[in-house]
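Since every read-out is calculated from the coordinates, none of them should be taken as a lab result. Just so it is clear, the model here is predicted, and its values are computed rather than measured. For neighbour counting, all protein chains shown are included, and Cβ atoms are generated from backbone atoms with ideal geometry for every residue, glycine included.
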Amino acid sequence: VRQDLEAQRDAATATTDGRTITLSSNIEFLDELALVRNSGAKGVGLYRTEFLLLDGEDMPDEHEQAEAYKKLATELAPHPVIIRTLDAGGDKLPVEPLTEPEPNPFLGWRGIRVSLDRPGMFKEQLRAILRASAHGKLAVMFPLVSGLGEVRRAKDYLKECMDELAKDGVPFDEKLETGVMIEVPSAAVIADLIAPEVDFFSIGTNDLIQYTVAVDRVNHHVADLYRPTHPAVVRLIKRTVDAAANAGIWTGVCGEMAGDIRLTPLLLGLGVEELSVGPHQVPRVRRAIRALSHSECSVMAEQALMTGISQEIMDATMGMAKQYY
Ligand code: PEP
Ligand code: MG
């Protein structure tokens, strides 16, 4: 089977009825680059930059970061690389020692909140991304956005950084695309208000599920309630995709749901246009996409939007996945 999958490496990721899905890869470390290239993924849909913060060290400085991003840009060109700004805090790597522990880290100082509170650090990262953007196709994406104000503030910092670099004569991509992770329910609910201000959405289902159903994504006592096919999650994904389509931008999924081939029929049916998955999952997800009819997936997804029980939605998507699962 593995050989079969490898032989398909350069096959188009299109459904049987001709809808093309962008299949890209998530990475955390630069030494995964070879894996990404070998997988045949069309670029990186999520680079988790918090992994630059190793062992309690500070974030590398602007020039060191720019080197890392440039390596990604050049080695994967002409494919795009989406760099997510620091998503430290919460249960993730701490950005700096907190003076007191947070009672609810997942609801605390995390993601874009930290970046907006530490503009010096945030702007170093944005300038590093911009410097590297002259060497390939990069995009920037903001994590844990909960409202439009955060998007505007983050974009204002990006604009400031562009002006600073332009003044210094440093080349960068003036059209650098800007995206938002949709992973907090409030952002999904107002996706129509956010969409006109960005170039793409990437749904972070790991967090979107935990915040929607109030189930800690790492607490095994409640793991049974953590349901990717919960009707509310399905509706929020649909709402996000529709808001994006109305504004003429695309929606991808970069959470674990994207790599679960039982759910590929559901995600395609809901209108998702990009899937970003671990490099090892790329071949199987490619095969799933190529086996499915988009129009049949859409009919199933329409039905799922009217279904109240997670397990029934899971059964419906698995029913279609059976042919390759
Ligand atoms: C997500 O929340 O789905 C996601 C992709 O981001 P992370 O897992 O890094 O929080
Ligand atoms: Mg997340």
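Computed over neighbours whose Cβ is under 10 Å from that of residue 96, the net charge equals 0, Lys and Arg +1, Asp and Glu -1. Under 5 Å between amide hydrogens, built in the peptide plane, is the criterion, and for residue 278 it picks out 26 among residues at least 5 positions away or on other chains. When each of the peptides 241-250, 276-285 is scored by how many other beta carbons lie within 10 Å of its residues on average, the order from highest to lowest is 276-285, 241-250. Note on the chain: lysine pairs with Cα distance below 14 Å, sequence gap of 8 or more or different chains, count 9. Shape analysis of the chain based on the Cα gyration tensor places the equivalent ellipsoid semi-axes at 31, 23, 18 Å, largest first.
Applying the criteria of a DSSP loop state and at most 11 other Cβ atoms within 10 Å to the GluC sites (Glu not before Pro) of the stretch 56-132 yields 57. For the chain, the 222 nm mean residue ellipticity estimated from helices alone, with every DSSP H stretch of n ≥ 4 adding -39500 (n - 2.57) and the total spread over all residues, rounds to -13000 deg cm²/dmol. The length gained on full extension between residue 306 and residue 28, counted as 0.36 nm times the residue separation minus their Cα-Cα distance, comes to 96.4 nm. What angle do you read, to the nearest 10 degrees and between 0 and 90, between the alpha-carbon axis of helix 62-76 and the longest principal axis of the chain? Taking the Cα atoms of the chain, the angle to 62-76 is about 40 degrees. The value of relative contact order for the chain, using C-alpha pairs under 8 Å at least six residues apart, is 19 percent.
Of the trypsin sites (Lys or Arg not before Pro) found in the stretch 88-188, those that fall in a DSSP loop while having at most 11 other beta-carbon atoms within 10 Å are 175. The 3J(HN,Hα) values that the Karplus relation (6.51, -1.76, 1.60; θ = phi - 60°) gives for the stretch 7-23 are, in residue order, 4, 8, 3, 9, 5, 5, 8, 10, 6, 4, 9, x, 8, 8, 10, 7, 10 Hz. Gly and Pro appear as x.
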